Protein chains: 2
Amino acid sequence: MTVLILTSEEDVTADLVVARLHGTGTPVLRLDPADLPGKAVLSADYAHGDFDGHLSVNGHVLSMGGLRSIWVRRPGEPAAHAADPSPWLTAETRQALYGMLHSAAARWMNHPRNADQARLKPWQLRVAHLSGFAVPPTVFTTAPRLAREFVEEYRDVVVKSASGPPPGDPALTLPTTLIGPDTDFSAVAAGPALLQKYVPKRADIRLTCVGSRLFAARKTAGPDQVDGRFGETGHAWEPVPVPERIGKAVHEYVTLAGLAYAAFDFAEDWDGIWWFLECNQGGQFGFVELETGQPIAAEVALWLAQHRADRRASDRRG
Amino acid sequence: MTVLILTSEEDVTADLVVARLHGTGTPVLRLDPADLPGKAVLSADYAHGDFDGHLSVNGHVLSMGGLRSIWVRRPGEPAAHAADPSPWLTAETRQALYGMLHSAAARWMNHPRNADQARLKPWQLRVAHLSGFAVPPTVFTTAPRLAREFVEEYRDVVVKSASGPPPGDPALTLPTTLIGPDTDFSAVAAGPALLQKYVPKRADIRLTCVGSRLFAARKTAGPDQVDGRFGETGHAWEPVPVPERIGKAVHEYVTLAGLAYAAFDFAEDWDGIWWFLECNQGGQFGFVELETGQPIAAEVALWLAQHRADRRASDRRG
């Protein structure tokens with residue numbers, strides 16, 4: 001029974017997991033969907049009263065009946081490396097590849113259906129609230145008046161991007177930024193703004209959830225540091241125990257969202273409360289593992305390698 | 001409690017349903033996501049310990065607490081009509097709009113998560129087989145040898161597009177086409193081919209499923225007509241009863257796929273067997289209603305207008 005990893009060629013995080021899988025003798029096939037058709041060959045057969053499919057990469061053949069699990073890491077766009085690429089060829093190849101993989105009885109980390117929904121930031125806040133997390137007051141709005149009222153009510157407010165940084169070359173960074181009531185809100189009418197009450201924090205928390213295993217890490221914040229992703233604080237990520245209430249909320253969240261893997265970001269305030277900021281279903285874990293020594297790659301490998309029946313609780317509708 | 005219809009401005013099928021909803025006094029809000037931000041204003045509030053949101057279109061305000069159901073008809077791309085459109089503005093607006101709508105407790109026809117999966121043709125065949133339909137032998141392949149072997153085994157084979165016609169101006173039509181073993185299959189290596197055993201048919205069947213109500217229509221095929229969508233047969237769509245076995249399979253299919261609406265296409269062979277060809281979760285119904293007089297628009301309106309508790313069975317995880 002083979003583990004399929006969908007990712008682009010250069011991916012050191014995937015390399016870590018592949019090494020662990022090799023270590024346990026679990027067969028692995030690595031495919032960048034961009035290499036299909038071309039380096040990879042696919043055939044899905046709905047012909048003899050049932051379904052079977054095959055995927056062949058560099059001479060290694062994987063039968064859908066022998067597929068244990070699928071890790072959607074950083075897959076390229078289907079057919080992106082084709083000799084004659086086109087949006088239509090990408091659409092046809094996406095149909096063939098993902099249609100075949102959805103037909104298989106494999107476990108997904110994470111299932112694309114759940115992953116797409118889990119990327120919606122406003123929905124994340126709703127699910128976080130329902131799961132029992134402390135969630136900073138937040139508004140998404142295209143109404144300048146409501147944006148101003150929100151800032152007047154909460155005073156210290158940050159503005160963020162919901163979908164990530166705007167594309168561009170060189171890439172624009174868009175750090176979370178503090179704003180005040182004197183801000184000009186007229187531009188909100190032209191594009192939705194994500195405004196969130198600023199949580200004065202003494203630390204950033206990154207909690208990685210793999211199946212039912214949780215790894216929390218903490219990094220002391222620099223003075224007046226707003227966005228933990230930018231700027232050097234002189235502090236490193238250190239392992240930290242998961243409070244029981246947080247553990248329950250994480251379990252509830254990944255169950256509601258149908259996720260086998262999730263990376264949560266929290267701000268720890270001066271009372272020690274962990275405020276939910278976001279949950280990235282495809283979040284990196286290499287940097288945390290490097291600094292904390294937490295065996296996250298090994299746990300991902302274990303989840304991917306286990307039999308369906310091994311651990312029902314961590315299967316989460318995948 | 002209001003029904004929200006996501007569709008572009010010109011949509012006569014939506015007009016039919018809106019007229020029915022007006023007839024029963026159900027409030028309706030119609031939004032083209034392309035008009036956001038601009039004509040429409042949105043605000044989603046995760047601020048006072050709970051969630052609330054508002055959508056305002058042409059002075060009509062809809063609160064998320066007053067949202068009964070969402071019909072995803074033919075929505076435009078978010079922010080497509082913005083004064084200064086960009087992929088990033090579309091991504092941010094998609095986050096804000098769909099994130100807010102996913103947060104609401106409304107029923108969906110169909111939920112985007114299930115709709116995306118339901119568009120995968122290979123997966124459709126798998127689900128159709130599991131649901132009990134007769135499915136013509138089919139292969140999706142990028143291997144020329146397997147394509148040739150499939151045609152040699154089944155002799156009369158059609159080739160189709162999985163994702164729809166290639167884009168272009170003028171638009172290319174890509175009718176389902178009969179091929180034989182003398183075909184040159186080398187191009188299969190450059191793009192996946194969908195090959196299906198040809199079902200000699202005496203009629204096309206279109207079955208529309210709305211919640212738990214089924215409407216089947218039949219159109220006698222022309223002699224040697226391969227693709228029912230092209231060419232005039234001189235025959236019209238006529239209502240036809242749904243065989244019990246088909247009704248059971250449809251129910252199973254929409255339950256597995258999580259769909260509240262689905263349009264099934266079958267080929268009726270000379271023994272009267274209905275062969276599953278595809279299931280379009282967003283399929284048109286105006287042309288069938290026009291020719292058969294089947295009250296499909298009224299049933300869609302009824303589904304959208306009903307309370308959540310009214311009909312548990314037709315709610316289907318929406």
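The values are calculated or read from the model by the stated rules, or taken from the named source; none is laboratory data. Everything numeric in this text was worked out from a predicted model, so none of it was measured. A quick note on method: Cβ atoms are made from the backbone with ideal geometry, for glycine too, and the neighbour counts reach across all protein chains shown. The protein model used for the area step is the full one, side chains on, heavy atoms only, and it has no ligands, DNA or RNA in it. Shrake-Rupley method; radii C 1.70, N 1.55, O 1.52, S 1.80 Å.
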Item to check | Test for residue B:88: is it aromatic (Phe, Trp, Tyr), open to solvent by 10 Å² or more (accessible area, probe 1.4 Å) and more than 14 Å from every other protein chain (Cβ to nearest Cβ) | outcome: no
Item to check | Among (1) outside any loop (DSSP other than H, G, I, E, B); (2) within 12 Å of chain A (Cβ to nearest Cβ); (3) of a type in the set (D, E, K, R) - the single one residue B:68 does not satisfy | outcome: (2)
Next on the checklist: Restricting to region A:1-32, count the residues that are open to solvent by less than 30 Å² (accessible area, probe 1.4 Å) and acidic (Asp, Glu).
Outcome noted: 2
Next on the checklist: Any residue in region A:149-172 that is modelled with pLDDT of 90 or more sitting within a Cβ distance under 7 Å of a residue that is among the hydroxyl-bearing types (Ser, Thr, Tyr) and open to solvent by less than 40 Å² (accessible area, probe 1.4 Å)? List the pairs, counting only those 6 or more apart or interchain.
Outcome noted: A:158/A:176
Checklist outcome for this item: Checked against (1) open to solvent by less than 10 Å² (accessible area, probe 1.4 Å); (2) within 30 Å of residue B:43 (Cβ to Cβ), residue B:98 satisfies every condition except (1)
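Would you point out which residue out of A:132, A:164 is more than 10 Å from every other protein chain (Cβ to nearest Cβ) and on the phi > 0 side of the Ramachandran plot?
Details: A:164 fails: more than 10 Å from every other protein chain (Cβ to nearest Cβ).
Only one candidate qualifies: A:132.
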Item to check | Residues satisfying the stated conditions in region B:101-113, i.e. within 9 Å of another protein chain (Cβ to nearest Cβ) and surrounded by fewer than 20 Cβ atoms within 10 Å (Cβ to Cβ) | outcome: B:112
Next on the checklist: Looking at (1) within 30 Å of residue A:198 (Cβ to Cβ); (2) surrounded by fewer than 18 Cβ atoms within 10 Å (Cβ to Cβ), which one does residue B:58 not meet, given that it meets all the others?
Outcome noted: (1)
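Among the residues of region A:11-60, how many are part of a loop (DSSP other than H, G, I, E, B) and in contact (Cβ under 8 Å) with a residue 60 or more places away in the chain? Spell out how you get there, then give the answer.
Of region A:11-60, the ones part of a loop (DSSP other than H, G, I, E, B) are A:11, A:24-27, A:32, A:36-39, A:47-51, A:58-59.
When the remaining residues are screened for being in contact (Cβ under 8 Å) with a residue 60 or more places away in the chain, the result is A:11, A:24, A:26, A:36.
Counting residues in region A:11-60 that are part of a loop (DSSP other than H, G, I, E, B) and in contact (Cβ under 8 Å) with a residue 60 or more places away in the chain gives 4.
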Next on the checklist: I'd like to check something: does region A:33-43 contain any residue that is more than 10 Å from chain B (Cβ to nearest Cβ), open to solvent by 40 Å² or more (accessible area, probe 1.4 Å) and modelled with pLDDT of 95 or more?
Outcome noted: no
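Just to verify a result, which residue in region B:132-162, among those that are part of a helix (DSSP H, G or I) and among the hydrophobic types (A, V, I, L, M, F, W, C), is most open to solvent (accessible area, probe 1.4 Å)?
Our first condition is that a residue be part of a helix (DSSP H, G or I); within region B:132-162, this holds for B:144-154.
So of that shortlist, the ones also among the hydrophobic types (A, V, I, L, M, F, W, C) come out as B:146-147, B:150-151.
Numbers: B:146: 56, B:147: 0, B:150: 11, B:151: 0 Å².
The selected residue is B:146.
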Next on the checklist: Looking only at helices (runs of 4 or more DSSP H) that lie completely in region A:240-318, which have at least 2 residues being modelled with pLDDT under 95?
Outcome noted: A:286-292
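Just for region A:61-80: of the residues that are farther than 20 Å from residue A:21 by Cα and surrounded by fewer than 19 Cβ atoms within 10 Å (Cβ to Cβ), which one is farthest from the chain's Cα centre (by Cα)? First the steps, then the outcome.
We begin by selecting, within region A:61-80, every residue farther than 20 Å from residue A:21 by Cα; these are A:76-80.
Those still in the list that are surrounded by fewer than 19 Cβ atoms within 10 Å (Cβ to Cβ) too: A:76-77, A:80.
Working: A:76: 15, A:77: 17, A:80: 22 Å.
Only one residue tops the list, namely A:80.
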